[in-house]
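Comments concern the structure below.
The values are calculated or read from the model by the stated rules, or taken from the named source; none is laboratory data. In this text the structure is predicted, and so the values were computed from the model without any measurement. With ideal geometry, Cβ positions are generated from the backbone for all residues, glycine too; neighbour counts draw on all protein chains shown.
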Amino acid sequence: MAFQWDWACSVLGNDESSQLQQLLGLITGLNMSAGSDKWQWKIDGSGCFSVASIKKVLNSANRTRPARVFEWINWVPKKVSIVAWRAEMERLPTKVALSNRNIPVNNRLCVMCGNYEETCEHLFTSCHYAQSIWLYIASWCNIPPIVAFDIKDLLTVHMVSAGPRKKLKALYAVILVTFWSIWKSRNELVFTQKGPSLAKTLDEVKAMAFLWVKNRSKMASLTWEDWCRFKVG
C-alpha cells in the first residue's frame, strides 16, 4: 500500500526528515485492512494477554532464583511485612545505611544501645534491646529460646518450630509485628527522643498481633485469654 503524504509544510528539517525515514522503515510492508484496531499479545498464540504466558517467558530466560524468597502473609498489614522485608535486604534507613549514602549523621552507633554500628542486622538480632524482646517472644509462644545470627534466622523460626499450621502462621505474624514494633521504637527515639520501653514494646507486639490475627484470619473465636497463653489453632 502506497501512502500519499499531504504536508502542511513542504520543507522538512533534518529532524523531521530523520523521523520520516524511521517511520517509513517501520511501516514498510505493512498490510492495512478495514476494521477497528486492536491490541494483540504476540507471546501467546491466542493473541490474548495472560500471566501464564509471562511466567513461561521468564522461566525460559534462565533467571537466577534467590536462595530464599520472603514469605508474605495476609494476617498482618503490608506495612508491617515491608519492615521485615526491607530489613532482610539491609534496606531500612539505619544510621549506617544513611551514612553510606553520604547523608550526614552524628555517629553510626545504634541509638538503642550505643555500643555498635546501627545496621539492620545489629538492630534486630544482636542489640541487647532486641535480644530481650526475642527471649520474651519465645517464652510467650512456647518455643525454645530464639538464637539468631542474622535476620534470616528470625524469619524462619516458624519453619523450624513444631505445632499446627495455624499456630505456626500466627507465630510468623508475631515475628513480623515484632520487627515493626522494634523499628517503631527506634524511630520514636530518633525523632521524638522518647526513650525505648521494653514493657511498652512487648505490650504493643502482643496487642497489635492479637488485633490483626483475630480480624484477618478465620479465627474469630480467638480470645485474649487464649492469645496470652498462645493457644492458637
Going through 95, 55 one at a time, which residue ends up being surrounded by 10 or more Cβ atoms within 10 Å (Cβ to Cβ), out of contact with any helix residue (DSSP H, G or I) (no Cβ under 6 Å at 6 or more places or on another chain), of a type in the set (D, E, K, R) and modelled with pLDDT under 95?
55
Scan the range 100-145 residue by residue and report those that are in contact with a Lys or Arg (Cβ under 6 Å, 6 or more places away or on another chain) and either surrounded by fewer than 17 Cβ atoms within 10 Å (Cβ to Cβ) or without any contact (Cβ under 8 Å) to a residue 12 or more places away in the chain (or both).
105, 108, 117
Starting from residues that are crowded, with 16+ Cβ neighbours inside 10 Å and without any contact (Cβ under 8 Å) to a residue 24 or more places away in the chain, keep the ones in the range 149-162 and report whichever is farthest from residue 207 (Cα to Cα).
161
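Listed here are the residues, each with its yes/no results for (1) at pLDDT below 95; (2) on the phi > 0 side of the Ramachandran plot; (3) of a type in the set (A, V, I, L, M); (4) over 22 Å from the mean Cα position of the chain (by Cα).
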| site | (1), (2), (3), (4) |
| --- | --- |
| 152 | no, no, no, no |
| 162 | yes, no, yes, yes |
| 168 | no, no, yes, no |
| 175 | no, no, yes, no |
| 183 | no, no, no, no |
| 196 | yes, no, no, yes |
| 203 | no, no, no, yes |
| 209 | no, no, yes, no |
Which condition from (1) within 30 Å of residue 163 (Cα to Cα); (2) in contact with a strand residue (DSSP E or B) (Cβ under 7 Å, 6 or more places away or on another chain) is the one that residue 126 breaks?
(2)
Every residue from the range 142-170 that is among the basic types (Lys, Arg) and over 13 Å from residue 71 (Cα atoms)
165, 166, 167
Which count do you get for residues in the range 14-39 that are in a loop (DSSP other than H, G, I, E, B) and either of a type in the set (S, T, N, Q) or surrounded by 10 or more Cβ atoms within 10 Å (Cβ to Cβ) (or both)?
4
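Can you tell me which residue in the range 185-194 is farthest from the chain's Cα centre (by Cα), limited to those that are of a type in the set (D, E, K, R) and more than 19 Å from residue 90 (Cα to Cα)?
As a first pass, look at the range 185-194 and keep what is of a type in the set (D, E, K, R): 186, 188, 194.
This time we only want the ones that are more than 19 Å from residue 90 (Cα to Cα), so: 188, 194.
Working: 188: 22, 194: 27 Å.
Among residues in the range 185-194 that are of a type in the set (D, E, K, R) and more than 19 Å from residue 90 (Cα to Cα), the one farthest from the chain's Cα centre (by Cα) is 194.
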Number of the exception - residue 11 against (1) modelled with pLDDT of 85 or more; (2) part of a loop (DSSP other than H, G, I, E, B); (3) of a type in the set (Val, Ile, Thr):
(1)
